[in-house]
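Enquirer: Quick one: the structure is below, questions incoming.
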Amino acid sequence: MKFTVLVFTLIFFVSGCLNSEPPPPPGQQIENSTDKKEDISQEAKIEFENDTGIVVKDITIKPKGTLGGDIVFLVQNESDEECGLVIQVDMLSDTDELIVSVGVNSPTLVGPGEEMEIKGLFIGKGAVKAEIKSINCDNMSSLWS
């Protein structure tokens, strides 16, 4: 009888330990909040030579959960040619630490004088700033056909 009680107690204890996971260490806890995340908008800070005729009017970072989100560019083509736009951007933390580099391209050609909103996805926990590294145009319209 004592042996049976000991075996059941041991099985109960072991099965309870195997089915439970320890909580994640501090700083790595997953946020399950359903609160609406605040959009982060910033003025475009262009610190590179841009000869494409594309002007970035606004950059908005829209967090999705805790591991990333969307980055949205409002651009205008001030050149006389169509542009298959590719924007290379570094996503930074609030302390300007590089989180991830992302390339975002326009879904269609941006025509002369046309304004377009271009959206891309980034994965990087803690990204709150965007710094444009380069803007390129590929004027081969066959790529967007």
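Read-outs: derived from the displayed coordinates by stated rules, not from any lab. If you're wondering where the values come from, they're calculated on a predicted model, not measured in any experiment. Virtual Cβ from ideal backbone geometry, glycine too; neighbours counted across all protein chains shown.
Enquirer: Compute the relative contact order of the range 38-139 as a whole-number percentage, counting only Cα pairs closer than 8 Å that sit 6 or more residues apart in sequence.
Expert: Computed value for the range 38-139: 33 percent relative contact order.
Enquirer: How much length would be gained if the chain were fully extended between K119 and E97, taking 0.36 nm per residue of separation minus their Cα-Cα distance, in nm to one decimal?
Expert: Extra length available between K119 and E97 comes to 5.7 nm.
Enquirer: Here's something else I'd like to know. Let me check I have the definition right: for the range 52-145, take the eigenvalues of the Cα gyration tensor, multiply each by 5, take square roots. What are those semi-axes in whole Å, largest first?
Expert: Taking √(5λ) for each Cα gyration eigenvalue gives 26, 12, 11 Å.
Enquirer: Please name which of N105, T66, A127 has its Cα lying farthest along the dipole of the range 38-139 towards the positive end, using unit charges on Cβ (Lys, Arg +1; Asp, Glu -1) and the Cα centre as origin.
Expert: Towards the positive end, the residue furthest out is T66.
Enquirer: Starting from 0.36 nm per residue, how many nanometres of slack lie between D90 and N105 once their C-alpha separation is accounted for?
Expert: Length gained between D90 and N105: 4.0 nm.
Enquirer: Long-range amide H contacts for G53: which residues qualify at under 5 Å (H placed 1.01 Å from N, peptide plane, sequence gap of 5 or more or a different chain)?
Expert: When sequence neighbours closer than 5 places are left aside, there are no close amide H contacts.
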